[in-house]
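Got a structure here, written out as structure tokens. Questions coming.
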Amino acid sequence: MLHGYFEEPRDRSRLRPAMADIVGQLRVAPFPLERTIFSKAELKGVMPAGGFVDGGWTGVARAMTVPQLGRVVLEEYDYVAAGSYIVVPEELVDDTVNGLPFQFAVWREETGRTWTEVRWFTANKEFRLFIEKPLRKSEQLFEELQQFVLAAN
């Protein structure tokens, strides 16, 4: 998932250099990254995502390089604007951040690459964050990610 945004020619060709390039195609406003752990990120590209409703997309995907985290993809999807809903079985919730369902997993591919996936939900949005490195819940960076989760609520 993460590597496609950076390495797969088909995926990379869909990325646009700046949010301004796609904002007219979006039905919802993307969450601002200023004053978050991503404020110093180098944006590699963005693309509309989610559902296409009433002439606009209900989500956005951002590929970026973030100090201390490396290559990162942040996907944001407004499922309410798309006329949908999300059901998360309690067994799949690893934790909560201020009452928000929170999922955390570290994956290892057959190639040996490891990456972290963080997924959480607000009253109207789903966020998925892919980080190109294994992250432990005990790390300071994990606490900073939790602060981002709270800010995005």
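The values are calculated or read from the model by the stated rules, or taken from the named source; none is laboratory data. Just so it is clear, the structure is predicted and the values come from calculations on it, not from any experiment. Neighbour counts are summed over all protein chains in view; Cβ atoms, including those assigned to glycine, are modelled from backbone coordinates with ideal geometry. Surface accessibility is based on the protein's heavy atoms, side chains included, excluding ligands, DNA and RNA. Shrake-Rupley method; radii C 1.70, N 1.55, O 1.52, S 1.80 Å.
Residue under question is ALA61, and the condition is that it be within 20 Å of GLY4 (Cα to Cα) and small (Gly, Ala, Ser); does it hold? If you could, list the steps in order and put the result at the bottom.
Details: within 20 Å of GLY4 (Cα to Cα): yes; small (Gly, Ala, Ser): yes.
In short, yes.
Can you tell me which residue among ARG128, ARG119, ARG113 is modelled with pLDDT of 85 or more and out of contact with any Lys or Arg (no Cβ under 7 Å at 6 or more places or on another chain)? Quick ask: steps written out before the conclusion?
Numbers: ARG128 fails: out of contact with any Lys or Arg (no Cβ under 7 Å at 6 or more places or on another chain); ARG119 fails: out of contact with any Lys or Arg (no Cβ under 7 Å at 6 or more places or on another chain).
The unique qualifying residue is ARG113.
Okay, moving on. Hey, can you tell me all the residues within the range 5-47 that are within 17 Å of the chain's Cα centre (by Cα), among the acidic types (Asp, Glu) and outside any loop (DSSP other than H, G, I, E, B)?
ASP11, GLU42
Taking into account only those residues within the range 106-136 that are in contact (Cβ under 8 Å) with a residue 40 or more places away in the chain and among the basic types (Lys, Arg), which is farthest from TYR5 (Cα to Cα)?
Out of the qualifying residues, it is LYS125.
Name the pairs: first residue in the range 33-57 and under 17 Å from PRO17 (Cβ atoms), second residue in a loop (DSSP other than H, G, I, E, B) and not hydrophobic (A, V, I, L, M, F, W, C), Cβ to Cβ under 9 Å, at least 6 apart or on different chains?
LEU33/SER39; ALA41/PRO67; GLU42/PRO67; LEU43/PRO17; LYS44/PRO17; GLY45/PRO17; VAL46/PRO17; VAL46/PRO30
I've got another one for you. Taking the range 1-41 as the search range and keeping residues that are β-branched (Val, Ile, Thr) and out of contact with any Ser or Thr (no Cβ under 6 Å at 6 or more places or on another chain), which one is surrounded by the fewest Cβ atoms within 10 Å (Cβ to Cβ)? Steps first, please.
Of the residues in the range 1-41, the ones β-branched (Val, Ile, Thr) are 22-23, 28, 36-37.
Remaining after also requiring out of contact with any Ser or Thr (no Cβ under 6 Å at 6 or more places or on another chain): 22-23, 36-37.
Numbers: ILE22: 20, VAL23: 14, THR36: 16, ILE37: 20.
Among those residues, the one meeting the criterion is VAL23.
Looking at the range 62-84 only, could you name the residues that are under 13 Å from THR116 (Cβ atoms) and either in a strand (DSSP E or B) or of a type in the set (Lys, Arg) (or both)?
Listed by number, the residues that qualify are VAL66, GLY70, ARG71, VAL72, VAL73, LEU74.
Give me a count of the residues in the range 100-123 that are open to solvent by less than 80 Å² (accessible area, probe 1.4 Å), in a loop (DSSP other than H, G, I, E, B) and farther than 23 Å from GLY59 by Cα. Outline the logic, then answer.
Pass one, the range 100-123, residues open to solvent by less than 80 Å² (accessible area, probe 1.4 Å): 100-106, 109, 112, 114-122.
So of that shortlist, the ones also in a loop (DSSP other than H, G, I, E, B) come out as 109, 112, 122.
Then keep just the ones that are farther than 23 Å from GLY59 by Cα; that gives 109, 112.
Number satisfying all stated conditions: 2.
Determine if the range 124-147 includes at least one residue that is small (Gly, Ala, Ser) and closer than 25 Å to PRO32 by Cβ. Quick ask: steps written out before the conclusion?
In the first step, residues of the range 124-147 are kept if they are small (Gly, Ala, Ser); the result is 138.
If we keep only those that are closer than 25 Å to PRO32 by Cβ as well, we get none.
Among the residues of the range 124-147, not one is small (Gly, Ala, Ser) and closer than 25 Å to PRO32 by Cβ, which makes the answer no.
Only one residue in ASP95, ASP54 is touching a strand residue (DSSP E or B) at 6+ places or on another chain (Cβ under 6 Å) and either open to solvent by 70 Å² or more (accessible area, probe 1.4 Å) or closer than 18 Å to LEU150 by Cα (or both), so which one is that? Reasoning before the result, please.
Working: ASP54 fails: touching a strand residue (DSSP E or B) at 6+ places or on another chain (Cβ under 6 Å).
Answer to the check: ASP95.
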